[in-house]
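Bear in mind that the values in this text are calculations on the coordinates, not laboratory data. Values in this document were obtained by computation on a predicted structure and should not be read as measured data. Cβ atoms come from the backbone with ideal geometry, glycine included; neighbour counts cover every protein chain shown.
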Amino acid sequence: MTKGNINVSVENIFPLIKKFLYSDHEIFLRELISNATDATLKLKHLTSIGEAKVEYGQPKIEVKIDKKGKKLHIIDQGIGMTAEEVEKYINQIAFSGAEEFLDKYKDSGKDAGIIGHFGLGFYSAFMVADKVEIITKSYKDEPAAHWTCDGSPEFSLEPSKKTERGTEIILHIAEDSTEFLEEARIRELLTKYNKFMPIPIKFGTKEINDPDFTPKTTKDKDGKETTEPHKKITVDNIINNPNPAWTKQPTDLKDEDYKSFYRELYPMQFEEPLFHIHLNVDYPFNLTGILYFPKMTNDLNLQKDKIQLYQNQVFVTDNVEGIVPEFLTMLRGVIDSPDIPLNVSRSYLQADGAVKKISSYITRKVADKLKSLFNENRKDFEAKWNDIKIVIEYGMLSEDKFFEKADAFALYPTVDGTYYTYEELFNKIKANQTDKDDKLVILYASNEDAQHSYIEAAKAKGYEVLLLDSPIVSHLMQKLESTKENITFSRVDADHIDNLIKKEDTKISKLTDEQKTELETLLKEVIPAEKFSVQLETMDSEATPFMITQPEFMRRMKE
Ligand code: ADP
Ligand code: MG
């Protein structure tokens, strides 16, 4: 038996570990399962290149609670460690890593939130355990080793009788962490962090109907049928899906596969997504993922189901602020990238070059997908417009790159249900919707019912009237006015409409001159002239003998 001191200069590292990672105690399980996964994948690699001459088999990772003994076991069938390797990887490297971390973040770490998700790896076990054991047998033909450490820098290392390959980590759960001996709590953590990890994770067993058994139906002498009960078998309860859709090739997936993955991600979402975007890039950074456009509702719970960020299939966070452009945080789905630095503050993230590239890549992919959806099936795209316009309009407002690309698919619906792209609209109205300054006037209504008579009047003149009613559209109009040449938006009840250059005006008022003067005087008395103007001449409908309009600037001032 070896006894020794763990190679560390910080005298007592454990209180520090506890303190620094306080708010995030639960990540210890994610870290230990990540190590077990790494160990298994390393073995897979070594057997595949012929370096490890052992049977890889169908390894799994098991998590076991021993409530009586107050212990939590994490068992893998991976590469294992020799005693020498335990010395090297557990005693030296991991501790020097921890030391470096503490050195680096001694000061900044004190500010809450700086270390959001710092995976301190193996030693995070000491956040919840006051004693940790490692029993491990390498795939190499060497005796197994048993390491024990009670949270002081002292450890013991002795031979063990373990015969099966792999590593068992035993946590003696501390008094203040007994929640981690509760089955429900562990299941919750496994579902949160490990749901899509690449090696099957067993947590207990379950009973299922034996698939090889067909219940027999027999008839008794009266002709009454009885079917024998289905035979049950006990199988491992595997909590994860090791091959989630985003790790596959888009060409291997059907529409239904994407939909069922959506249900897997958000079991409480009953509404189907409108469409998906499969992200897949390996240069200049690695990133995979699937984003879904959900049906937008006014439901404020909308943000409950968010985009989830993974690193090599390990859940990291569902706060993707800074990584995904803000307008796309309304989407759902997963992003997986080993290249996103996770151990640093959000403000650092936003300044990080790789993260900026990721953000603009995602923006571009989303724009490209929208464009191809539009080109492939315009009718379908138009039908979805109302559900997706918020995201698109918000994106046009907040990301210039997206604004440029959006010209290809952003739609401007008219009150009659025609959907124009900007270019189509421009061509349609350029001949007869200009004002005296030769500006193109784009007429729109924001409320079909309230502005009904104005809409009818404008239509009667052959003008196109858009229906723009989303909450941010007035900002978008300003942006379009300042970027497109020589255009102005005018609400259909604004006075602009009187000044349009019409090719010909055949509309004649049904009122006589006398009636008009009379009406005009009457109206001017009741309507403040500085705010509204009254128009009598061009009305052709008996239902609308005259119109009261308000200057566009006045109208926008109210908003
Ligand atoms: P990291 O995983 O970032 O390398 P850790 O502190 O989590 O740091 O682990 C330190 C090292 O200990 C690992 O790199 C690995 O070599 C070894 N190790 C930890 N857990 C296992 C395990 N279950 N099986 C084999 N080796 C392990
Ligand atoms: Mg690790």
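Can you list the chymotrypsin sites (Phe, Trp or Tyr not before Pro) in region 114-199 that are in a DSSP coil and have 12 or fewer other beta carbons within 10 angstrom? List each step's numbers first, then the result.
Details: sites: PHE118, PHE122, TYR123, PHE126, TYR139, TRP147, PHE155, PHE180, TYR193, PHE196; in loops: PHE118, TYR139, PHE196.
Here no chymotrypsin sites (Phe, Trp or Tyr not before Pro) fit, given the DSSP loop and packing criteria.
I'm a student and want to see the number: the projected area of the Cα convex hull of region 127-277, averaged over all directions, in nm². Show your work: numbers first, answer last.
On the way: hull surface 71.5 nm².
Seen from a random direction, the Cα hull of region 127-277 projects 17.9 nm² on average.
Sort VAL281, VAL314 so that the residue with the fewest other Cβ atoms within 10 Å of its own Cβ comes first and the one with the most comes last. List each step's numbers first, then the result.
Working: VAL281 16, VAL314 22.
Starting with the residue having the fewest Cβ neighbours, the order is VAL281, VAL314.
Could you give the length gained on full extension between SER372 and ASP141, defined as 0.36 nm per residue of separation minus the Cα-Cα distance, in nm?
Contour length minus Cα-Cα distance gives 77.5 nm.
About its Cα centre, how strong a charge dipole does region 136-287 have in debye, to the nearest 20, once Lys and Arg get +1 and Asp and Glu get -1 at the Cβ?
About 520 debye.
Amide H of ASN286: which non-local residues (sequence gap of 5 or more, or other chain) have their own amide H closer than 5 Å, using H built in the peptide plane?
Here ASP339 satisfy the definition.
Check each of the GluC sites (Glu not before Pro) in region 187-286 and keep only those in coil by DSSP with at most 16 other C-beta atoms within 10 angstrom; list them in order.
Within region 187-286, the qualifying GluC sites (Glu not before Pro) (loop, at most 16 other Cβ atoms within 10 Å) are GLU271.
Can you give me the relative contact order of region 318-435 as a percent, contacts being Cα pairs under 8 Å and 6 or more apart?
Contact order relative to length: 21 percent.
Hey, fewest Cβ within 10 Å first, where do ILE134, ILE79 land in order?
ILE134, ILE79
Taking the beta-carbon count within 10 Å as an exposure proxy, list MET477, MET296, MET396 from fewest neighbours to most.
So the residues, fewest neighbours to most, are MET296, MET477, MET396.
Among PRO413, LEU468, ALA458, whose Cα sits farthest toward the positive end of the charge dipole of region 397-476 (+1 at Cβ of Lys/Arg, -1 at Cβ of Asp/Glu, about the Cα centre)?
ALA458
Return the loop-located trypsin sites (Lys or Arg not before Pro) in region 172-264 (DSSP other than H, G, I, E, B) with at most 16 other Cβ atoms within 10 Å of their own Cβ; answer none if there are none.
Here the sparse-neighbourhood loop sites are LYS216, LYS221, LYS224, LYS231, LYS248, LYS254.
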